[in-house]
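The values are calculated or read from the model by the stated rules, or taken from the named source; none is laboratory data. Predicted model, so just to flag it, every value in this text is computed and none were measured. So basically every Cβ, Gly included, is an ideal-geometry build from the backbone, and we count neighbours across all protein chains shown. Quick note on the areas: whole protein, heavy atoms, side chains included, nothing else; ligands and nucleic acids left out. Shrake-Rupley method; radii C 1.70, N 1.55, O 1.52, S 1.80 Å.
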Amino acid sequence: MPRYTTYFALTLAALGVGCSSPATTDTSPRDKAPSASSATTPAATVHDGRAIEIVGNDTMKFSVTEISAKPGEKLSITLVNLGTTPKFSMGHNWVLVLPMPDVQPFLTAAAEAVTTEYVPQGTQKDRILAATKLLGPNERDTVTFTAPTAPGRYDFFCTYPGHYQVGMRGVLIVG
Ligand SMILES: [Cu+2]
């Protein structure tokens, strides 16, 4: 009888451990609810992809200009703005887009999208695969997303007006 009790206790302990993990993940959807303001990036609250940190600053360059990924790989890109210039004149974001024959119309739409922090709306928005928020000095933001399944080169850049032209851009190579 004591042996059975011990076995039963161990079984319960094992079940307890088994149950703790789902309980932890269950809190994620509830955590998302209060931050409804970031509705454009619902996955941003769960950063379980391969972590890559990119630093931007007043020189308008990314510290990482080339990222390699497997098709469909989950990535968590964190952009950190270590510049000191105020956001209204030197904001930075990280925007990954689908291949397009000419990026200029997208950039023009982005530069005009002042009210949406230089993220273009409408048909141009459909070309965005992932994007962080626009960051001021010492701000950071992480976006978690799944890399495209189609091998290829996917451009990323900062959509703050003029920063692409200065060289605040890079490429995600899938495959
Ligand atoms: Cu920028």
> When only residues in the stretch 136-161 that are over 18 Å from Thr65 (Cβ atoms) and within 15 Å of the ligand (Cβ to nearest atom) count, which is least open to solvent (accessible area, probe 1.4 Å)?
Replying inline: Gly136
>> Report every pair of residues separated by at least 6 positions or lying on different chains whose Cβ atoms are under 9 Å apart, first residue within the stretch 45-67 and assigned to a helix (DSSP H, G or I), second open to solvent by 50 Å² or more (accessible area, probe 1.4 Å).
In response: Thr45/Asp31; Thr45/Lys32
>> Testing Pro29 on (1) away from the ligand (no atom under 12 Å from the Cβ); (2) loosely packed, with under 14 Cβ neighbours inside 10 Å; (3) modelled with pLDDT of 95 or more, one condition comes back false. Which one is that?
In response: (3)
> Out of all the residues in the stretch 71-82, which are more than 19 Å from Val171 (Cβ to Cβ) and part of a loop (DSSP other than H, G, I, E, B)?
Replying inline: Leu82
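Consider the stretch 42-59. How many of its residues are farther than 17 Å from Asn138 by Cβ and either within 16 Å of the ligand (Cβ to nearest atom) or open to solvent by 70 Å² or more (accessible area, probe 1.4 Å) (or both)?
As a first pass, look at the stretch 42-59 and keep what is farther than 17 Å from Asn138 by Cβ: 42-52.
Within this subset, residues satisfying the condition of being either within 16 Å of the ligand (Cβ to nearest atom) or open to solvent by 70 Å² or more (accessible area, probe 1.4 Å) (or both) are 42, 47-48, 50-51.
The qualifying residues number 5.
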>> What are the pairs with Cβ atoms under 7 angstrom where one residue, in the stretch 110-123, is farther than 12 Å from Asn93 by Cα and open to solvent by 50 Å² or more (accessible area, probe 1.4 Å) and the other, located anywhere, is outside any helix (DSSP H, G or I) and not polar (S, T, N, Q)? Sequence gap at least six, or different chains.
In response: Gln121/Ala113
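Anything in the stretch 107-128 that is within 16 Å of Val166 (Cα to Cα) and within 15 Å of the ligand (Cβ to nearest atom)? List them, or say none. Full working, then the answer.
Restricting attention to the stretch 107-128, the residues satisfying the condition of being within 16 Å of Val166 (Cα to Cα) are 107-108, 110-111.
The answer is Leu107, Ala110, Ala111.
Can you tell me which residues in the stretch 64-96 are within 15 Å of the ligand (Cβ to nearest atom) and open to solvent by less than 30 Å² (accessible area, probe 1.4 Å)?
Passing the criteria: Ile77, Leu79, Val80, Asn81, Gly83, Met90, Gly91, His92, Asn93, Trp94, Val95, Leu96.
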